[in-house]
Amino acid sequence: TSLRFDLPLNNFVKLAVYDILGREIKILVNSELKAGIHTVGFDASDLPSGIYFYTINTSGFTDTKKMILLK
């Protein structure tokens, strides 16, 4: 799966995946990124089917989205 996001300014970004219980499963990005469109791959081959959440955090912005993994 690919997760795509757009940064209006250079910013430190943390993009992480959580399970339904709120446990952090994987950190996909944890670094300074330049402004622009970014695509990050998420390999879930080692995870069971279920509901997961991904959260993107930057200075001044946080968003969480749900995703369903079916195998």
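Just so it is clear, none of the values below were taken in a lab; they were calculated from the coordinates. Note that the structure is predicted; figures quoted are calculated from it, not measured. As a convention, Cβ positions derive from the backbone with ideal geometry for all residues, glycine included, and neighbour counts pool all protein chains shown.
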Problem set entry | Mean separation of Cα contacts under 8 Å (6+ apart) over length of the chain, as relative contact order % | 35
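Which peptide among 48-60, 29-41 comes first, and what is the full order, when sorted by highest mean count of other Cβ atoms within 10 Å?
In descending order of packing, they fall as 48-60, 29-41.
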Exercise. Cα-based count: Lys pairs in the chain below 19 Å, eight or more positions apart or different chains?
Worked result: 7
Seminar exercise, completed: Answer in debye to the nearest 20: the dipole magnitude of the stretch 28-71 about its Cα centre, from +1 Lys/Arg and -1 Asp/Glu charges placed on Cβ, is 140
